[in-house]
Amino acid sequence: MSDAFWYLISAGAGVAMGMMVLVWLLAKRIDNAGVVDVAWSLGFAILAAIYFLIGEGDPSRKRLICAMVAIWSVRLGGYLWIRVAKHHPEEDGRYAALRQQYPRHTWLMLFGFFELQAVLLVLLSAPFAMAASNPDAGLSAWEWAGGALWLVAMAGEALADFQLQRFRSQPGNRGRTCRIGLWRYSRHPNYFFEWLVWVAFFVFALGTPDGWITIYCPALMLFFLFKVTGIPATEAHALKSRGDEYREYQRTTSAFVPWFPGKN
């Protein structure tokens, strides 16, 4: 990997870690650690903009990857901001659990957690830094393919969110499981298309020498979705609130990849 790439990564690390200090101070002031999710999402747009401004790569490539990241990042960050603001001062269950685990040094522990998010920001921004440091003129087939896949993923994620929001907005659906549209074929179509965005970023990075190394980005996101903060937490809450109805949904509907539903 080039010196130009490492220069961008170093700059991104400094910005990300400094940003998370400010976010930690804000979270402490309002007593709600959930703002870190918003900052983490928007942080990708910030890093992509920095890579665009100081990267030495081809301008057309830098513009395209910066636009792709910014649109995805701002959309996700805005969605999370609305969710956090709607429930404030109530805190996300994940952070409430962390508070219970570390009752004496809660904010010191959260400082370390916030800085860990900064590290993840930088690690996952590698495909953007790769593209922004690539001086080759014009876009390769890999980059066109990554852009096309990104369009599909963004459209799918937006559609899944819209269908779920429309379902929840109807009073008669309160406490019921959404099975309309994409939700008939996957229990988590929003997560699937979110992961597909990261596959698109990886494919885009393949247009740069050593871009294959960023395969860890979609792999890491898949791990998070299946083992950490995605599907396990969401389904545990759904089972608690909807019981047998959700168990039936689990039995007949694909967990992740959209697929034809099974028989009831």
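Data table
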quantity: Cα-based helix-to-principal-axis angle, 141-168 vs the chain, degrees rounded to 10; calculated: 30 degrees
quantity: The stretch 1-69, Rg to Rh (Cα coordinates; Rh as Kirkwood inverse mean 1/r); calculated: 1.08
quantity: Angle between the chain longest axis and helix 35-54 axis [Cα atoms, degrees, rounded to 10]; calculated: 20 degrees
quantity: Rg/Rg_globular for the stretch 139-264, with Rg_globular taken as 2.2 N^0.38 Å and Rg from C-alpha atoms; calculated: 1.20
quantity: Burial ranking of peptide ranges 42-48, 171-177 (average Cβ count within 10 Å, highest at the top); calculated: 42-48, 171-177
quantity: Approximate spin-label separation D210-L239, in nm, with each point projected 7 Å along Cα-to-Cβ; calculated: 4.4 nm
quantity: Crossing angle, helix 59-87 versus the chain [Cα axis fit, 0-90 degrees, rounded to tens]; calculated: 30 degrees
quantity: Efficiency of FRET from Cβ geometry, R168 and L123, R₀ 35 Å, rounded to 0.05; calculated: 0.55
quantity: Packing-based ranking, highest mean first, of 120-130, 57-67, 230-240 given that Cβ atoms within 10 Å are counted; calculated: 120-130, 57-67, 230-240
quantity: Overall Cα dimensions of the chain, principal axis frame, Å, largest first; calculated: 56, 49, 27
quantity: Per-residue [θ]222 nm for the chain (sum of -39500 (n - 2.57) over DSSP H runs n ≥ 4, rounded to 500); calculated: -23500 deg cm²/dmol
quantity: Per-pair calculated FRET efficiency, R0 = 35 Å: L151 and Q250 via Cβ, rounded to 0.05; calculated: 0.70
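Read-outs throughout are calculated quantities, based only on the coordinates presented, and are distinct from any laboratory measurement. As the structure is a prediction and not an experimental result, all values here were calculated from the model. Ideal geometry is used to build each Cβ from the backbone, glycine not excepted, and the neighbour counts take in all protein chains shown.
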